[in-house]
1. With label points built 7 Å along Cα→Cβ from the Cα atoms of residue 99 and residue 159, find their separation and express it in nm.
2. From the P(r) of segment 118-222, could you give the percentage of C-alpha pairs in the tail past 24 Å?
3. Over the Cα atoms of segment 75-175, what is the Rg over Rh ratio if Rh follows Kirkwood?
4. Give the calculated FRET efficiency between residue 201 and residue 113 to the nearest 0.05, with a Förster radius of 22 Å applied to their Cβ-Cβ distance.
5. Debye sum, Cα scatterers, segment 65-131, no solvent: what log₁₀ I/I(0) at q = 0.22 1/Å?
6. Going by average Cβ neighbours within 10 Å, how do the peptides 140-151, 164-175 rank, with the highest at the top?
C-alpha cells in the first residue's frame, strides 16, 4: 500500500514538474516570438514611412572658360580642315568681343587660308588700327601683295596706308600694286615721300617706275 502511494506521489510530482517545464517553455517561446513579431512590425512600419527627398544638387557643372572653349573649337576645326566653320565661329565671337586682338589676328589669317581675302584684309585692318605692330603690318602687306590681284591689292593697301610706319611698308607695297595695276605715275607719287637711299629695294622700285614713265630720263639711264 505504501509502495503504491509512493509511486503515485512520484507520478504526480513528475507530472507537475513536466507541466511546469512545458509552461515555462511555452512562455519562453511566446516571449521570443512576441519580441520577433514586435520587431518585425516595427521594421515594416519603418519601411512604410515616406522617405525624405534628397536635396537637389545645386553644384554647377564644370565648364571651361569661354575663351578656352573657343580656342579648343578653333584648334579642332583647323585640325580637321574645317576652316570655313572655324572662321564662322570666330567671327560670331568677334561680334560680341570686337577688341579681342589675338582672335582678330586668327580671323585675318584663317580668312586668307579659306580664300575669303577681303575678310582677311578687314580683320588685319581692325587688328592694326589701335596700335603699332610692325611685324603684323608687314605680314599683312606681304599677304595682300602675294594673294590678291593688283587692282584688289591696291585697294586693300590703300585702306592700310593710315597705319603705315616709319619704314613705309604699306606705302612701298601700295606703290608695287599701283605699278602692277598699270599706273606708274601713281606709283612714283607714292614713293616720293620716302627718303632716297632708305632701302635699296625702294630705290630700285623707284627707278623701274620712272623708267616706265620715261625711259630716257637721266635718272633711269643712270
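Derivation of every value follows stated rules applied to the coordinates shown; laboratory data play no part. Everything quoted here is computed from the prediction, not taken from an experiment. Reconstructed Cβ throughout: ideal geometry from the backbone, glycine too, with neighbour counts over all protein chains shown.
1. 2.3
2. Across segment 118-222, Cα pairs with separations above 24 Å total 23 percent.
3. Radius of gyration over Kirkwood radius for segment 75-175 works out to 0.98.
4. FRET efficiency, residue 201 to residue 113: 0.20.
5. Listed by q, the Debye log ratios stand at -0.88.
6. Answer by packing, highest mean first, reads 164-175, 140-151.
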